[in-house]
Each structure stands twice: as C-alpha cells, then as structure tokens.
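Data first, discussion second: the structure below is written as structure tokens.
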Amino acid sequence: MFDAVLLATRDPQELDALLERTLPLLSPGAEVDLLLAGSPAPNALEEPAAVLRARGYAVQCASDSARLSLAIEARVAETPRPLVVLPCPRRAGVLSSTWRNFELHVLDRCSTTLLLREGAGRFARILLPLDGSAWCAQITPLVATVAAAHGAEVSLLLARPVTLSVGALRAHADALVPDSEALLARSRALLAEAKVPHRTLTSTQDVVEAILRRAEEERADLIAVSTHGHTGLLHTLFGSRARAVLHYARTSVLVHNPEV
C-alpha cells in the first residue's frame, strides 16, 4: 500500500473517478496531494479535500496555472511521491502528442505513475507482461497490491525478450533472467500468496504488439509496464516499450520506474 500520492488533473470533476481507483491503494492516514493545473477554478478542491480529511487522510491542495505536465513535474521535484495518478488525455486512442514533455521529464522522476482512462470503477482485469528481464520481476509485487486492493484478476503475459546483438547480450547478461519459466513461477507464487486470481498467456510476437493485442482480447482495464531503469542503449530498447504501450494502449496504464 502507498503512504503518499499526488493526484493531478485539469478538471476538478475528474477527481471523483481518480479517487475511486486510487483510495483502495492507500494506507490509512496516507498523505494525499491534490493538484489542479491549467486554469484552476477558485476553491475547486475544497469539497474533495474536506471529504478526504473526514476519512482520515492528510490532504494538501495546490493549483498551478501551468499546463498539467509541467505542473506535475514542478510538484514532484518539490515533494517526491511514490505514486502519481492522473487522467490520460488521448486523441483517437493515442496519447496526446502534447504529453511528450511529460513522458520525458515526469515518468523518469516518478517511482510509480498511474494514468487513468475515462470511466470510473475499480479494476477488474490487469495485464502484466513478463519478458524475461529481472526488472519485470520487480513490478509483480506492485501489481499484486493493486489487484488485491481492487479485487482484480491478473493475466501474466510471457513474451520473448527483445533481440539484442551478441555483444549487448554479453555485456548485460546480468540484467537478463535466463529462465523465463522461473520468473513466471515466482510471479505466480507471489500472486497466489496475495490471494490474487491469475492465469498465464504466452506470445512469440513483438512484445509491444503482443501487449496491445492481448489487452484488447482480454478486455484488460489496466496494463502494468516497467521502464526497466536502463540507461543508454538498453534504455532506448527496453524503455521504448513502456513508452509505446503508454502511447497506443486504449486502457489505463501503470508505469513503474525501479530506479526512482
């Protein structure tokens, strides 16, 4: 469970939907920062803040005339939070191009970012891709927490790792799990321990294509991906997966950055 969260939006009417999916993830008495960006209406956060305080949460409210991505970046730099939640603006199913700045500067600074598509209600089906990398194993406990809090089923998607050159593979052998089945077994065990219903899917497709296709077929309402915490070449290869999923997925996306 999270002990602090930043909820950010441009529209105070979106807060109810954000809170419905976020509150199950918070510890009792957690710190909740409400951020209203863009052209904030005066006192727009007073009512939701009062409701949260009555439920025992420590609430801070802030407004910023800057666009949402810049407002979040400034707020996170000032007060880091383990979880950032915000609505996911899209055009025809694709992440708005105006959010490129957000992708580059905010996701890299946040440990966990939850971008929510329209529609209230708890998550029912979560897709967790596993590509055989050690960093994928680090996101499983987080997904177990979210699934248990929402009463969701988890579909583990076992996909082949991206193909690297022989030199890159040798140079980064310690960053890859040689036995994907072992990783899958550990993920299953962790979900079982958390009493989260789960099943396994497999694919030999390109990882991003497999994730997007399976998300549609399984009617997943949340996809969980990791940035892998790479730098240089590996960041370009592995990190681009998370960004591609974030850009094209038609559902909510949970992004985990293990190095923050």
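Entry note, the range 2-86: relative contact order of 41 percent, from Cα contacts under 8 Å with a spacing of 6+ residues.
Compared with the rule-of-thumb size 2.2 N^0.38 Å for a compact globular protein, the range 2-86 has a Cα radius of gyration ratio of 0.98.
We did not get these values from a lab; they are worked out from the coordinates using the rules stated. All values derive from a computational prediction rather than experimental measurement.
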